[in-house]
Amino acid sequence: MTNLLRQLPQVDMLLSGALMAGLAETYSRSEVTEALRAELAALRAGIQSGALQALPDFAGTAFADRISARLDARRRPNLVSLVNATGIIVHTNLGRSRLAPEALAAIEAAGRSHTNLEMDLATGKRGSRHVHVEELICELTGSEAALVVNNCAAAVLLSLMATAQGRKVIASRGELIEIGGSFRLPDIIAQSGAVLKEVGATNKTRAADYAAAVDDDTAVLLKSHTSNYQIVGFTAAPKREDLAALARETRTIFMEDLGSGVLIDLAPYGLKDEPVVSDVIRSGADLVMFSGDKLLGGPQCGIIAGRGDIVRSLKSHPLCRAVRIDKLSLAALEATLRLYRAPNDPFRRIPVLRAIAQTTSDLQARAGRLAAALTAIGLEDVSVVPSTAYVGGGSLPQQTLESFAVTAALPGTAPDTLAARLRGCSVPVIGRIRDERFFMDVRTLTDEELPHIEAAFQAVAAQ
Ligand SMILES: *Cc1c(COP(=O)(O)O)cnc(C)c1O
C-alpha cells in the first residue's frame with residue numbers, strides 16, 4: 001500500500017503532460033489543478049481503503065477523461081431545473097411555486113431593460129416601487145393600502161417592529177407556530193423588540209382571554225395561521241370579528257399572519273378552511289401578511305395589506321428598506337396579480353392553481369401516458385395507483401387532494417437506490433418511496449415533463 005501511495009505523481013508533473021495541456025485550452029490552470037488534486041485524493045483514499053490495487057495510466061486517455069468529467073461537473077450550474085413528482089404542489093425545498101408564463105415574461109423584460117421601478121413617469125421625479133402593485137393588491141383584497149417585502153417572515157417582522165416595538169403583542173398559545181425551522185413566531189416577536197404576552201391554552205383560546213390581557217402597554221392583538229399543524233379534539237379560537245371589535249375598543253391593532261393567503265376561495269376544489277384574504281379584511285383585521293409564493297402562485301415575497309395609516313408607518317420604517325422586494329420579483333408579482341383580474345382565469349394560467357384544479361380524469365390520463373412510456377422502455381412493475389397529493393408549503397396540512405401516481409422499478413435496484421440515481425440525472429426526477437416502491441405523483445407534473453422522466457429512467461437503466 002505504501003508503495004502505491006509513493007507512486008502517486010505530483011500535481012505539477014501531471015499538469016505538464018500532453019493530455020492536460022489539451023484541457024488547458026478549455027479550462028483555466030487553477031481549475032485543472034483543482035480537478036487533479038481531487039482525483040489524486042480519491043485515488044489515495046482508494047489505496048488506503050484497499051479498494052484500489054493498481055494505479056491508472058496517468059498518461060492514458062482514460063485518466064484524462066476522468067479529469068475532464070470532473071471539470072465538466074464543476075462547470076454545470078448548481079441550481080438546476082428538475083421534475084417534482086412528489087405530489088406536493090408548493091414544495092419549499094423544490095422552490096415552491098412555478099410561475100405563470102406572464103410572470104416569466106415580466107421577469108425577462110424587467111431584467112433585460114431599465115424600468116420605471118422608482119420613477120414616476122408623469123412627473124419624472126422619484127417614485128415608489130410599491131405603487132406598481134399596491135392598487136392591484138387593494139382591489140383583490142379589499143384593503144385600503146398595501147406594501148410588498150422580501151418574504152412573509154420579513155412582513156411579520158416589519159409589521160411588529162413598526163407597530164409594537166417596546167410594547168406588548170398578545171397571541172394565542174395555540175398559534176405560536178414554527179415554520180421550516182428558522183421562523184418561530186415567539187422568536188420573531190422577540191426580534192421585533194416587542195414583548196409576547198401568551199394567552200389561552202394550547203387547545204382553547206377565546207376573545208375574552210385577549211380582552212383580559214389587554215393593558216395600556218398593549219399594541220397588537222396577533223392571530224396567526226397554524227399552517228403546518230392542527231389542533232384537534234376540544235378546541236376553540238376567537239372569532240376575527242370579536243378580536244377586531246376588541247382592538248377598536250382598546251385602540252390596539254388586530255393583525256393576522258395568514259401564511260399562505262389565498263385570493264380566491266379554494267373550497268370548491270376540496271380545500272376548505274384556508275382563509276381568503278378579502279374575507280379576513282372584511283372581518284375587520286387592521287393588517288394581514290401573506291406569502292407571494294405559496295397558494296397565491298407568484299414569486300417569493302411577503303404581502304402586507306390593511307389600514308392606510310398603519311401601512312404608511314411601515315413604509316417609512318428603516319427596516320422596510322432592508323427587506324424591500326427586488327425588481328424581478330416585483331415584475332413577476334404584478335403579472336401574477338393581473339391574472340386574478342377578469343377576464344383572465346387564474347385556474348388556467350397560474351400553475352399552482354392549475355395543479356389544484358386538475359380533474360381526476362386529467363390526472364388519470366397523464367398517469368396512463370407516463371406508465372405507457374415507462375413500460376415501452378422496458379421497466380418493471382409499472383402501474384398506475386391512487387395517490388394522495390398535498391398542497392404543501394406549510395399550508396393546509398390535513399387537507400389532501402386525491403391523485404394518481406405511477407410506480408416503476410428497475411430490475412435488481414432497490415427503490416432508494418433508484419431514487420438516488422434519478423436525483424443524479426441531468427434533469428433530476430424527485431419522487432416518493434412508499435411501501436418499498438418508487439412513486440411519481442402526477443398532480444405536480446405537466447405533460448411537457450413526461451419526456452424528462454422517460455429520459456431519466458433510460459439514463460439510469462443504462463448505468
Ligand atoms: C409560510 C409562513 C410564513 C413564512 O413565510 P415566508 O414567505 O416563507 O417567509 C410565516 N407565517 C406563516 C403562518 C406561514 O405559513
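FYI, it's all coordinate maths here, none of it is from the lab. Treat the numbers as computed from the prediction; the structure is a model and nothing was measured. So basically every Cβ, Gly included, is an ideal-geometry build from the backbone, and we count neighbours across all protein chains shown.
Sorting ILE188, ILE89, ILE430 by the number of Cβ atoms found within 10 Å of their own Cβ, with the fewest placed first, yields ILE430, ILE188, ILE89.
Restricting to the chain, what percent of DSSP beta bridges are antiparallel, rounded to 5?
Working: 31 of 55 bridges.
Bridges in the chain that DSSP calls antiparallel: roughly 55 percent.
Residues whose amide H falls under 5 Å from that of LYS197, counting only those 5 or more places apart or on a different chain, are VAL169, ILE170, ALA171, with hydrogens built in the peptide plane.
Just list whichever of LYS204/LYS315; LYS223/LYS327; LYS168/LYS315; LYS168/LYS272; LYS204/LYS294; LYS125/LYS294 have alpha carbons separated by over 25 Å in the model shown. Checking Cα-Cα distances, LYS204/LYS315; LYS223/LYS327; LYS168/LYS272; LYS204/LYS294; LYS125/LYS294 exceed 25 Å. With respect to the chain, whose longest principal axis is taken over its alpha-carbon atoms, helix 131-141 is tilted by about 70°.
Applying the Karplus relation 6.51 cos²θ - 1.76 cosθ + 1.60 with θ = phi - 60° to segment 234-242 yields 3J(HN,Hα) values of 7, 10, 8, 9, x, 6, 4, 4, 6 Hz, where x marks Gly and Pro.
Over segment 291-348, what is the mean sequence separation of C-alpha contacts under 8 Å (at least six apart), divided by residue count, expressed as relative contact order in percent? Kindly include the intermediate steps, with their values, before the conclusion.
Working: 31 pairs, mean separation 17.9, N = 58.
Worked out over segment 291-348, it gives 31 percent.
Computed from backbone phi with θ = phi - 60° and the Karplus coefficients 6.51, -1.76 and 1.60, the 3J(HN,Hα) list for segment 257-273 is 8, 7, x, 6, x, 9, 9, 10, 5, 9, 4, x, 9, x, 9, 9, 6 Hz; x is used for glycine and proline.
With a 10 Å radius around each residue's Cβ, average the other Cβ atoms per peptide and rank 403-412, 305-314, 357-366, highest first.
403-412, 305-314, 357-366
The H on the amide N of ARG96, modeled in the peptide plane, is under 5 Å from the matching H of HIS91, each at least 5 residues off or on a different chain.
For the chain, the spherically averaged projection of the C-alpha convex hull amounts to 29.4 nm². Sequentially through segment 78-83, phi angles give Karplus couplings (6.51, -1.76, 1.60; θ = phi - 60°) of 7, 8, 10, 6, 9, 9 Hz, Gly and Pro residues having no value and appearing as x.
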